[in-house]
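Reading through the structure tokens given below for one structure.
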Amino acid sequence: MSPNRPDEENTAIKAAVGPKLALTRSEIAARTDAYFNRTQAIVSHFGECEVTYALFIRRPVIAAHGLMIEWLENVAREQGFSVAIEIVTPEGSWVGAGEPLVYLTGPFTRMAPLETLLLQKLGSACVAAHNAYQMALALPDAAFLAMEARHCAGFEMQEIMGYAASVGSRAARREGAKGFIGCANDVTAGFFGCEHGLGTMPHALIGYAGSTLRAAEMYHEVYPNDPLVVLVDYFGQEITDALAVCRRFPELAAEGRISVRLDTHGGRFIEGLDPQSSYGVLERHTPGTIRRYRSDHELKDLVGTGVSAAAIWWMRESLNAAGFTEVKIIVSSGFGLEKCMTMRDSHAPLDVVGTGSFIPVKWNETYATADIVAYDGEKRVKVGREFLLQKIPSRTKENEA
């Protein structure tokens with residue numbers, strides 16, 4: 001196992017990945033860029049060379065290279081070659097733009113075909129980890145649930161994104177945030193120290209049951225020992241249905257075992273609110289929040305349609321007025337960094353955020369790069385990338401050119 005990776009992170013990675021990630025040489029050759037395969041053939045013809053790669057990203061990120069390293073170690077073990085891994089920035093640490101995250105040293109004929117696949121597993125993971133870290137710090141008292149799977153282009157992306165959320169979450173927890181407590185499916189639950197995915201009911205179950213209350217009753221009958229999380233927006237009666245469920249299960253409500261999840265569509269207001277009353281709700285609970293200059297996007301998050309700060313305060317106000325002060329509020333729908341920051345500014349009384357919006361929005365920001373910086377121990381890199389030599393392992397020779 002590679003150095004500088006805390007035991008907690010090693011355990012989390014091992015819980016979800018392993019030898020299954022190693023590919024055969026033919027599979028790797030089919031998935032890598034053609035010029036790397038041709039480089040392998042040329043080096044094989046003219047003679048092997050030990051090379052050192054520096055891997056970096058062009059924007060600030062949270063280091064999330066563990067999944068990539070685990071995969072590389074699996075491949076090296078399966079193919080029977082050795083690779084030296086020099087971690088510059090420990091997992092979960094902030095790293096500046098262009099700073100090398102890791103140096104990899106191994107035989108050129110074995111390393112060249114791996115470059116494409118290594119970069120696939122590095123760039124987006126580091127940016128997603130940074131996004132998750134920032135979101136968790138923006139709402140340090142809220143727990144987060146990773147719900148990215150439905151937004152991913154297949155399982156490999158889902159695995160990388162789930163892993164990234166766990167890395168960013170651990171970084172945020174070290175600064176006092178609650179962070180991500182789990183994810184929505186079993187396959188990546190190990191990254192969060194869980195055995196199973198979290199979640200109770202989709203909108204489809206409420207449609208099947210015919211009412212929100214009946215769906216809650218059905219769920220509780222089958223899972224009587226689980227906390228009851230109820231979606232309340234299906235019929236556009238968020239307040240009415242939330243109170244109906246609480247009154248049906250007063251003991252669960254008093255014990256804090258009921259949560260209402262707000263997922264109101266962005267095309268309408270939550271039950272009981274309109275533009276004017278939304279302003280009024282915030283004036284009652286967080287005076288001055290909407291008096292400062294706001295962008296149109298911020299104003300929508302505060303007093304607009306969908307799951308706004310006003311909607312969350314209105315639900316909390318309604319639950320408390322009915323005596324259900326222990327019932328929790330879970331929110332979802334578009335909760336990225338900007339919306340999280342707006343919720344913090346408005347002191348929105350939310351308990352859990354369900355989100356997949358830590359997935360990078362600007363995919364070109366996720367592009368990781370690898371450059372060879374030493375050949376048989378002699379430092380050599382293309383002009384313009386000399387900065388990659390600054391932290392190169394000391395075992396290399398000084399560039400004599």
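The values are calculated or read from the model by the stated rules, or taken from the named source; none is laboratory data. As the structure is a prediction and not an experimental result, all values here were calculated from the model. Ideal geometry is used to build each Cβ from the backbone, glycine not excepted, and the neighbour counts take in all protein chains shown. Note: areas computed on protein heavy atoms with side chains; ligands, DNA, RNA excluded. Shrake-Rupley method; radii C 1.70, N 1.55, O 1.52, S 1.80 Å.
Mind giving me the FRET efficiency for Lys362 and Arg31? R0 is 25 Å, r the Cβ-Cβ distance, nearest 0.05 is fine.
On the way: r = 25 Å, r/R0 = 0.98.
For Lys362 and Arg31, the calculated efficiency is 0.55.
Convert 10 °C to kelvin, take the viscosity as 1.306 mPa s, use the Kirkwood radius over C-alpha pairs of the stretch 252-401 as Rh, and evaluate the Stokes-Einstein diffusion coefficient in µm²/s, rounded to a whole number.
Details: Rh = 18.9 Å.
Diffusion coefficient, whole number: 84 µm²/s.
Among the trypsin sites (Lys or Arg not before Pro) in the stretch 206-299, which ones are in a DSSP loop with at most 10 other Cβ atoms within 10 Å of the Cβ? Mind listing them? Present the calculation step by step, with values, prior to reporting the outcome.
Numbers: sites: Arg214, Arg247, Arg248, Arg257, Arg261, Arg268, Arg284, Arg291, Arg292, Arg294; in loops: Arg257, Arg268, Arg291, Arg292, Arg294.
Listed in order of number, the matching sites are Arg291, Arg292.
Got a sec? Charge dipole of the chain, +1 on Cβ for Lys and Arg, -1 for Asp and Glu; which of Ala146, Pro275, Phe324 is way out at the positive end?
After comparing all options, I get Pro275.
Over the alpha carbons of the stretch 162-218, what is the largest minus smallest coordinate on each principal axis, giving the biggest first in Å?
Projected onto the principal axes, the Cα atoms of the stretch 162-218 cover 44, 24, 15 Å.
Using per-residue counts of other Cβ atoms within 10 Å, averaged over each peptide, order 334-342, 363-371, 348-356 from highest down.
Top to bottom by mean Cβ count within 10 Å: 348-356, 334-342, 363-371.
Counting only residues 5 or more places away or on other chains, whose amide H sits under 5 Å from the amide H of Val229 once H atoms are built in the peptide plane?
Here the answer is Ser259, since their amide H atoms fall under 5 Å of that of Val229.
Could you give the accessible area per residue of the stretch 150-309, probe 1.4 Å, as a whole number in Å²?
The answer is 47 Å² per residue.
Considering the chain, what Rg and Dmax in Å follow from its alpha-carbon atoms?
Cα only, the chain: 24.9, 80 Å (Rg, Dmax).
Let me see the P(r) profile for the stretch 86-245: every Cα-Cα distance counted, bins of 10 Å, each bin given as a percent of all pairs.
10, 28, 29, 20, 8, 5, 1
Return the carbon/sulfur percentage of the accessible area of the stretch 34-190, one whole number, probe 1.4 Å, all protein chains in place. If you can, show how the numbers build up before the last one.
On the way: 2780 of 5300 Å².
The nonpolar share, carbon plus sulfur, comes to 52 percent.
In square nanometres and to one decimal, what's the mean projected area of the convex hull around the Cα atoms of the stretch 199-302? Present the calculation step by step, with values, prior to reporting the outcome.
Numbers: hull surface 31.0 nm².
Over every viewing direction, the Cα hull of the stretch 199-302 projects on average to 7.8 nm².
So what are the stretch 75-127's ellipsoid semi-axes, whole angstrom, largest first, if each one is the square root of 5 times an eigenvalue of the alpha-carbon gyration tensor?
Numbers: eigenvalues 101, 31, 20 Å².
Over the Cα atoms of the stretch 75-127, the semi-axes work out to 22, 12, 10 Å.
Of all the accessible heavy-atom surface of the stretch 270-334, with the other protein chains kept in place and a 1.4 Å probe, what percent is carbon and sulfur? Kindly include the intermediate steps, with their values, before the conclusion.
Numbers: 1580 of 2950 Å².
Reported share for carbon and sulfur atoms: 54 percent.
Which net charge results for the neighbourhood of Phe269, defined as the other residues with beta-carbon distances under 13 angstrom from its beta-carbon, given Lys and Arg at +1 and Asp and Glu at -1?
Working: positive: Arg268, Lys300; negative: Asp233, Glu238, Glu271, Asp274.
Overall, the nearby charge balance is -2.
Taking K and R as +1 and D and E as -1, what net charge do the other residues with C-beta under 12 Å from the C-beta of Thr200 add up to?
On the way: positive: Arg257, Arg261; negative: Asp226.
Result for the local shell: +1.
Using R₀ = 56 Å, calculate the FRET efficiency as 1/(1 + (r/R₀)^6) where r is the Cβ-Cβ separation of Tyr279 and Phe155; round to 0.05. Let's see the in-between values first.
Details: r = 45 Å, r/R0 = 0.80.
For Tyr279 and Phe155, the calculated efficiency is 0.80.
So which residue, out of Ser166, Ser26, Ser82, gets the largest mean-square fluctuation from a GNM of the chain using Cα contacts under 10 Å as springs?
So, out of Ser166, Ser26, Ser82, the one fluctuating most is Ser26.
So which aspartates and glutamates can Lys382 reach, going by Cα to Cα under 14 Å and dropping same-chain residues fewer than 8 places off?
Lys382 reaches Asp371.
Distance cut-off 28 Å, Cα to Cα: go down the list Lys121/Lys328; Lys300/Lys328; Lys339/Lys362 and report the pairs above it. Provide the component values of the computation, followed by the final result.
Working: Lys121/Lys328 37 Å; Lys300/Lys328 23 Å; Lys339/Lys362 17 Å.
Over 28 Å Cα-Cα: Lys121/Lys328.
Net charge near Leu299, counting Lys/Arg +1 and Asp/Glu -1 over other residues with Cβ under 15 Å of its Cβ? Walk me through the numbers before you get to the answer.
Working: positive: Arg291, Arg292, Arg294, Lys300, Lys339; negative: Asp274, Glu283, Asp296, Glu298, Asp301, Glu338, Asp345.
So the environment of Leu299 carries a net charge of -2.
Averaging over every viewing direction, what projected area does the convex hull of the Cα atoms of the stretch 331-372 cover, in nm²? Kindly include the intermediate steps, with their values, before the conclusion.
Numbers: hull surface 16.9 nm².
Its Cα hull, projected and averaged over all orientations, spans 4.2 nm².
Which value does Rg/Rh take for the stretch 55-105 over its C-alpha atoms, Rh per Kirkwood?
Values: Rg = 11.8 Å, Rh = 11.5 Å.
With Rg and the Kirkwood Rh in hand, the quotient comes to 1.02.
Farthest toward the dipole's positive end in the stretch 118-190, which of Ser124, Ala136, Gly190, given Cβ charges of +1 (Lys, Arg) and -1 (Asp, Glu) about the Cα centre?
Highest projection toward the positive end goes to Ala136.
What is the packing order of peptides 302-313, 67-78, taking the mean over residues of other C-beta atoms within 10 Å and listing the highest first? Working shown, then result.
Working: 302-313: 24.9, 67-78: 20.2.
Listed from highest to lowest mean packing, they are 302-313, 67-78.
Pairs of alpha-carbon atoms within less than 8 angstrom and 6+ residues apart define the contacts here; what relative contact order does the stretch 109-186 have, in percent?
Details: 95 pairs, mean separation 31.2, N = 78.
This gives 40 percent for the stretch 109-186.
Over the stretch 200-271, what is the mean sequence separation of C-alpha contacts under 8 Å (at least six apart), divided by residue count, expressed as relative contact order in percent? Present the calculation step by step, with values, prior to reporting the outcome.
Details: 82 pairs, mean separation 23.4, N = 72.
Relative contact order here is 32 percent.
Could you bin all the Cα-Cα distances of the stretch 113-206 into 10 Å bins starting at 0 and give me the percent of pairs in each, rounded to whole numbers?
18, 44, 29, 8, 1
Full-extension gain between His297 and Glu217, please, as 0.36 nm times their residue separation minus the C-alpha to C-alpha distance.
Working: separation 80, 0.36 × 80 = 28.80 nm, distance 3.78 nm.
Residue separation times 0.36 nm, minus the Cα-Cα distance, leaves 25.0 nm.
On C-alpha positions alone, give me the angle between the axis of helix 34-46 and the longest principal axis of the chain, in degrees, nearest 10.
Its long axis makes an angle of about 20 degrees.
Using only alpha carbon pairs under 8 Å that are at least six residues apart, calculate the relative contact order of the chain and give it in whole percent. Please report the intermediate quantities before stating the final value.
Details: 748 pairs, mean separation 76.1, N = 401.
Relative contact order of the chain: 19 percent.
Residue by residue through the stretch 99-116, which ³J(HN,Hα) values in whole Hz follow from phi under the Karplus form 6.51 cos²θ - 1.76 cosθ + 1.60 (θ = phi - 60°), with glycine and proline marked x?
Running phi through 6.51 cos²θ - 1.76 cosθ + 1.60 with θ = phi - 60° gives 7, x, 8, 7, 10, 10, 10, x, x, 4, 5, 8, 7, 3, x, 8, 4, 4 Hz.
Using r as the Cβ-Cβ distance of Asp186 and Glu251, and R0 as 35 Å, what FRET efficiency do you calculate, to the nearest 0.05? Please report the intermediate quantities before stating the final value.
Values: r = 30 Å, r/R0 = 0.85.
Efficiency, from the Cβ-Cβ distance: 0.75.
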